[in-house]
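First the structure, in the form of structure tokens, and then the observations on it.
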Amino acid sequence: MAATAQNTLEPLRAGGDKAKDEDMEEELEYSPFYGIEKGAVLQEARVFNEPHVDPRKCQQVITKLLYLLTQGESFTKSEASDVFFSVTKLFQHKDVHLRRMVYLIIKEIIPSSDEVIIITSSLMKDMNSTNDLYRSNAIRVLCRIIDSQMLLQIERYLKQAVVDKSAVVAGAVLAGAIHLAGANAEVIKRWSNEVQEAINSRHPMVQFQAVALMHGLRANDRLAVSKLVTQLVRSNVRSPMAQCLLVRYVAQVIAESQPGVGNETRPFYDFLESCLRHKSEVVIFEAARAICNMRDVTTRELTPAVTVLQLFLSSSKPVLRFAAVRTLNKVAMSHPMAVTNCNIDMESLIADPNRSIATLAITTLLKTGNESSIDRLLKQIGGFMSEIADEFKVVVVEAIKALCLKFPQKYRGLMNFLSNVLREDGGFEYKKSIVDAILQLIREIPEAKEMGLAQLCEFIEDCEFNFLSVQILHLLGEEGPKTKDPARYIRYIYNRVILENATVRAAALSSLARFGAHCPDLRDRVLQLVRRALYDNDDEVRDRATLYLYQLQRAPQGPESVDPQWRIPAKGLEAALTAYLEQTDTEQPFDLASVPEVAAPSPAKAKAKPQGLAAAVAAGMSAAAAPVTQTDEYAEMLKAVPQLAALGPVFKTCAPVQLTEEETEYKVVCVRHVLEGHLVFQFNCTNTVKEQVLEDVSVTVDLADAEEFSEELVLPLEVMPQEGAGQTYVVLARPPGSMALGRFVNILRFRVKEIDPATGEAEEEGYEDEYQLEDTEVVAADYIKPSFTPNFRAAWDALPEESEMVDDYGIGQRDSLQDAVEAVGRILGMQSCEGTDAVPPNARSHTLLLSGTVVGDVQVLVRLAFGIDAQRNVAMKLAVRSESAEVSEAIHAIIQEA
Amino acid sequence: MTEIVDPTIPVVKNLLLLDSEGKRIAVKYFTPDMTSVAAQANYEKSVYAKTARTNARGEAEIIMFDDVVVVYKFLGDLMFYVTGDQDENEVVLYSVLQAFYESINLLLRNAVEKKTVLENLDLVLLAMDEIVDGGLILETDPATVATRVTMRQDGDGSPMSAEAASNPGLVTLSQAFGSIKEQVARSLLK
């Protein structure tokens, strides 16, 4: 009872408590259910058992019972079965409306399987009645309550009903079959001929349900689905809903088919396009959406769909506007140029009374906008921001951040915008999203750093969220000392030490100490400020002050000890400390050396999935962000191994390559790490065999095809438990800074020990075994990583002109320029600049600007001019500038080989 | 509650009819993700909070939050909601919403307000039952829904009249049907 809806939703019945009663009286609202109570209604239900029932009265009682259920009341098992038994008596009565209510309540109180038998004969009788509505309703009830066994008994009747000429009967049985198909597919499959006939039904909803059922029965058989689709595409599907389903099936078939080569059109694309001209909006939208969601969709294919959606944008119906703007928003992620035609309509949507539509419109504009339109857009958004709820603001902030990363030259206006909104009122989530955005911009755009730091300083002056203050103070401590004028930040930070609560004071103190450590000329002044905190009334703050004073003045390692280089993973430390505190004997001091330095393989962090609008807008962005965190994780792993940490920082971590087939006994994934003078192969091995322990696991890398490399170190994995995972490493040396290529043959070697299933112990003696893995290959792109160049022209001019190398290449037939741009971008693995990775629709030529860093920290810039002729042959002119001519040559070599 | 297995079939997660204060009049949930009364009450509360101040009197409105899309329309002192998955075709949900409020409007002869809805709750519940069956869309034509609720067979209308005369309890239903024809004709002329 505690969980009924009455508690929260205050229904129209008097509960036991007085206050509620008074409320009701104040409202003076008339309701036929006023004062309704379960006990009383159950009593009333006895009228069902009377010899001469009054149909009107019975209808009312049933309605009351349903009302109770609707309000969240639940019946106990015995109450439900009492009601059920008395309701079954009503089958004797001829009143149609009463019968309809009886059907409804039986579906609500689903009888238990041993009770079902009581009504099946009554329902079977109704199923053979002359009244179609009796038949359809009886079928719906039956389909809801029967089990597989009973289905077999009445299958004959149901099958016959599929082809009934009455729409309501056929619809009922088809709908029932769709529900039953999950558990009884075999039975329903025998109705195929009848369902096939129903597909040709004149009635739209019957056709819809028949198509849905037919597909459901064939869903696991790709060939059968594609046959069904071919058949339906040819025949004339009249029902819009059925047509909708067909569009979905076609989209599936397209997704599973191989992408067309050259300018061969996709199968069924013409069908989708023809659906754009359908008379029903449901179908038009479904088709437009399907086209927009196609994998590797080209601009040419998109155009008709975008045109249709553009019409929807100015519809009077909010639902259509929303549907269109949401879809276009998604398109804008991958094909911003395709959506630019809609910009005028989008701009008028900023004033849409539906805030979801307005927010989607704005974020779409931000994605499609070019540099020149940014300032105007920001002005429009400024007024808009104060009117919308926080959840929408977060979405806009995300979009602004993405825009700023795309057009780094525009950081000034965009950062200003962010700092303005940061000053306005808002909840924690909103403020956090802004701060996160600024933090990321500071990291990615060096020019924006000082400006961003200054804004954050302002913000913490008046920030009510500890979490954000602490985060910002930490950042100031890290970045502040590296700026031109570190002294200017001290005042802001020290203000926090005076004015804030203990948590923020402690964080501010840590931040100050780092200034002291890294800026020798500020050290004396910082020391004075830290000394003042010695008399703080909080323990933590005092402790930190004492520690920092010691570290800054007298520590043997010098002031640098303020921020030690942690080699210990925080997780491991936490675990070790917890274990230490659980011991009874804490006399022994805690030994840092006892913390394992190898990070325990942490389960992939489940990132909070964006929901609602944020999800609609963010889809696609997260994919770009993911690899970064992965790289970080790998860097942590390498740092944790002392022999590898000694090799120096990792230049680039390549995407993992699987070296075994799926579902083999041993799964090995190889990750290549490129370092200044080394190449580290990290093999992540998983033992999927239950009864085996693998020991001394290593990978032998054959260097026959890679002469420039020499093996330096092999770190085997001592033990790999049953169904466990681990890493083994192979370190290869190569001349520092060189871009040596090669192909490696890998063999996994290990000792197998069987586990006795009875005892769970591994046998003593194992046997040596080996396992052939796929080859790995080091390609030139491994040595190049994307880097951000905010001002391409300036950077280009800054590089020596004599390093420039130019050559022409023909790259054959392509679907479109966009295709070619993407292909070349993939090969080089560099960062595109100034949004040049998007080709305007129907362009005949295009220039792509790429920027990257080659191993040895050599900057390289690429300017690619593409041209396409009438036969769709693409030619390109590749110009490379870099700090060394060798690197320029290497880039050309990559293209020549590809 | 049986689940619809084929993911290509459009699924309605729930139909809600709330009053102007967000209280339940009639609701029906179809998917297994919101079966507890507490979860349902929470959901209705947040839907109401997010939509109550918008204007959905003229055209039906739409909102997206958490992982659902909701289309809704306010009529008199009542609010009609249809919820679907966030990837559902919005226009499909809209057609269900239209069937929902239009059929009730037909059945109640344009008198869609809390009082009449409560007095004729049986008609409302039956209409919801005729539109969606366990999440599957059964019928979206308001007039067809209304005739089925009143147990008139599609196409003929005679067998019930004798019974109606002998049974005063049926009068409201027969009247309702009479007005449906009228209104359908009128709406076509518009």
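The values are calculated or read from the model by the stated rules, or taken from the named source; none is laboratory data. Everything numeric in this text was worked out from a predicted model, so none of it was measured. As a convention, Cβ positions derive from the backbone with ideal geometry for all residues, glycine included, and neighbour counts pool all protein chains shown.
Please specify each residue of the range B:115-140 satisfying the condition of being facing chain A (nearest Cβ under 7 Å) and in a helix (DSSP H, G or I). Of everything in the range B:115-140, those that are facing chain A (nearest Cβ under 7 Å) and in a helix (DSSP H, G or I) turn out to be B:LYS115, B:LEU118, B:GLU119, B:LEU121, B:ASP122, B:LEU125, B:LEU126, B:ASP129.
Looking for whichever is within 8 Å of chain A (Cβ to nearest Cβ), farther than 30 Å from A:ARG218 by Cβ, among the aromatic types (Phe, Trp, Tyr) and crowded, with 18+ Cβ neighbours inside 10 Å here; the options are B:PHE80, B:PHE65, B:PHE74. Which one fits? Residue meeting the stated conditions: B:PHE65. The criterion of at least 3 residues that are of a type in the set (Gly, Ala, Ser) is met, among helices (runs of 4 or more DSSP H) falling completely within the range A:465-529, by A:502-518. Could you tell me whether the range A:398-407 includes any residue that is within 14 Å of another protein chain (Cβ to nearest Cβ), within 21 Å of the chain's Cα centre (by Cα) and surrounded by 20 or more Cβ atoms within 10 Å (Cβ to Cβ)? Checked the range A:398-407: no residue is within 14 Å of another protein chain (Cβ to nearest Cβ), within 21 Å of the chain's Cα centre (by Cα) and surrounded by 20 or more Cβ atoms within 10 Å (Cβ to Cβ). Inside the range A:266-313, residues that are within 12 Å of chain B (Cβ to nearest Cβ) and over 28 Å from the mean Cα position of the chain (by Cα) make up a count of 3.
Across the range B:83-126, which residue is surrounded by the most Cβ atoms within 10 Å (Cβ to Cβ) among those that are charged (D, E, K, R) and closer than 30 Å to A:ALA287 by Cβ? The extreme case among them is B:GLU90. Scanning the range A:42-87 for residues that are acidic (Asp, Glu) and farther than 20 Å from A:ARG100 by Cβ returns A:GLU50, A:GLU73, A:GLU79, A:ASP82.
Looking across the range A:379-396, the residues that are more than 22 Å from the chain's Cα centre (by Cα) and in a helix (DSSP H, G or I) come down to A:LYS379, A:GLN380, A:ILE381, A:GLY382, A:GLY383, A:PHE384, A:MET385. Looking for whichever is farther than 25 Å from A:THR63 by Cα and in contact with a strand residue (DSSP E or B) (Cβ under 9 Å, 6 or more places away or on another chain) here; the options are B:VAL11, B:VAL96, B:VAL27, B:VAL112. Which one fits? Exactly one of B:VAL11, B:VAL96, B:VAL27, B:VAL112 is farther than 25 Å from A:THR63 by Cα and in contact with a strand residue (DSSP E or B) (Cβ under 9 Å, 6 or more places away or on another chain), namely B:VAL11.
Select from the range B:43-62 the residues that are of a type outside the set (Gly, Ala, Ser) and facing chain A (nearest Cβ under 8 Å) and list them in ascending order. Steps first, answer last, please.
At the first step, the residues of the range B:43-62 found to be of a type outside the set (Gly, Ala, Ser) are B:43-45, B:47-48, B:50-51, B:53-55, B:57, B:59, B:61-62.
Passing the criteria: B:GLU44, B:LYS45, B:THR54, B:ASN55, B:GLU59, B:GLU61, B:ILE62.
Can we say A:MET830 is crowded, with 20+ Cβ neighbours inside 10 Å and either touching a residue at least 24 places away in the same chain (Cβ under 8 Å) or over 38 Å from the mean Cα position of the chain (by Cα) (or both)? Against the criterion (crowded, with 20+ Cβ neighbours inside 10 Å and either touching a residue at least 24 places away in the same chain (Cβ under 8 Å) or over 38 Å from the mean Cα position of the chain (by Cα) (or both)), A:MET830 qualifies.
Select from the range B:83-100 the residues that are within 11 Å of B:ASP67 (Cα to Cα) and among the acidic types (Asp, Glu) and write down the one among them that is farthest from the chain's Cα centre (by Cα). If you could, list the steps in order and put the result at the bottom.
Here is the first cut: in the range B:83-100, the ones within 11 Å of B:ASP67 (Cα to Cα) are B:83-88.
Adding the requirement that they be among the acidic types (Asp, Glu) leaves B:85, B:87-88.
Values: B:ASP85: 18, B:ASP87: 22, B:GLU88: 18 Å.
Step by step, filter the range B:83-100, then rank; the result is B:ASP87.
Give the residue that is farthest from the other protein chains (Cβ to nearest Cβ), with candidates limited to residues of the range A:71-96 that are more than 14 Å from A:SER122 (Cα to Cα), among the β-branched types (Val, Ile, Thr) and in contact with a helix residue (DSSP H, G or I) (Cβ under 9 Å, 6 or more places away or on another chain). Going through the qualifying residues, I end up with A:VAL83.
Please work out if A:ALA795 is in the same structural domain as A:LEU850 (by TED's automatic domain parsing), hydrophobic (A, V, I, L, M, F, W, C) and either modelled with pLDDT under 80 or surrounded by 16 or more Cβ atoms within 10 Å (Cβ to Cβ) (or both). The answer is yes for A:ALA795.
Among the residues of the range A:423-440, not a single one is part of a helix (DSSP H, G or I), closer than 28 Å to A:ASN791 by Cα and at pLDDT below 85.
The helices (runs of 4 or more DSSP H) located wholly in the range A:566-679 that include 3 or more residues which are out of contact with any Ser or Thr (no Cβ under 6 Å at 6 or more places or on another chain), surrounded by 14 or more Cβ atoms within 10 Å (Cβ to Cβ) and at pLDDT below 70 occupy A:612-618.
Here is a yes/no grid of residues against (1) in contact (Cβ under 8 Å) with a residue 24 or more places away in the chain; (2) charged (D, E, K, R); (3) under 21 Å from A:LYS432 (Cα atoms):
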position	(1), (2), (3)
A:HIS335	yes, no, no
A:ASP352	yes, yes, no
A:ILE381	yes, no, yes
A:SER386	yes, no, yes
A:LEU403	yes, no, yes
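When you check B:MET34 against the structure, is it in contact with a Gly (Cβ under 9 Å, 6 or more places away or on another chain) and more than 8 Å from chain A (Cβ to nearest Cβ), yes or no? Explain how you work it out, then say what you get.
Values: in contact with a Gly (Cβ under 9 Å, 6 or more places away or on another chain): no; more than 8 Å from chain A (Cβ to nearest Cβ): yes.
When the stated conditions are applied, B:MET34 does not pass them.
Quick one: is B:VAL112 in a helix (DSSP H, G or I), β-branched (Val, Ile, Thr) and either in contact (Cβ under 8 Å) with a residue 12 or more places away in the chain or under 20 Å from A:SER74 (Cα atoms) (or both)? Outline the logic, then answer.
Details: in a helix (DSSP H, G or I): no; β-branched (Val, Ile, Thr): yes; either in contact (Cβ under 8 Å) with a residue 12 or more places away in the chain or under 20 Å from A:SER74 (Cα atoms) (or both): yes.
Criteria not met by B:VAL112.
Of all the helices (runs of 4 or more DSSP H) wholly in the range A:314-378, which have at least 3 residues that are under 27 Å from the mean Cα position of the chain (by Cα) and among the hydrophobic types (A, V, I, L, M, F, W, C)?
Answer list for the range A:314-378: A:318-334, A:336-339, A:355-368.
Among the candidates A:LEU104, A:LEU123, which residue alone is touching an Asp or Glu at 6+ places or on another chain (Cβ under 7 Å) and surrounded by 18 or more Cβ atoms within 10 Å (Cβ to Cβ)? Of the residues listed, the single one that is touching an Asp or Glu at 6+ places or on another chain (Cβ under 7 Å) and surrounded by 18 or more Cβ atoms within 10 Å (Cβ to Cβ) is A:LEU104.
The residue of the range A:163-197 that is nearest to the other protein chains (Cβ to nearest Cβ), among those that are crowded, with 19+ Cβ neighbours inside 10 Å and among the acidic types (Asp, Glu), is A:ASP164.
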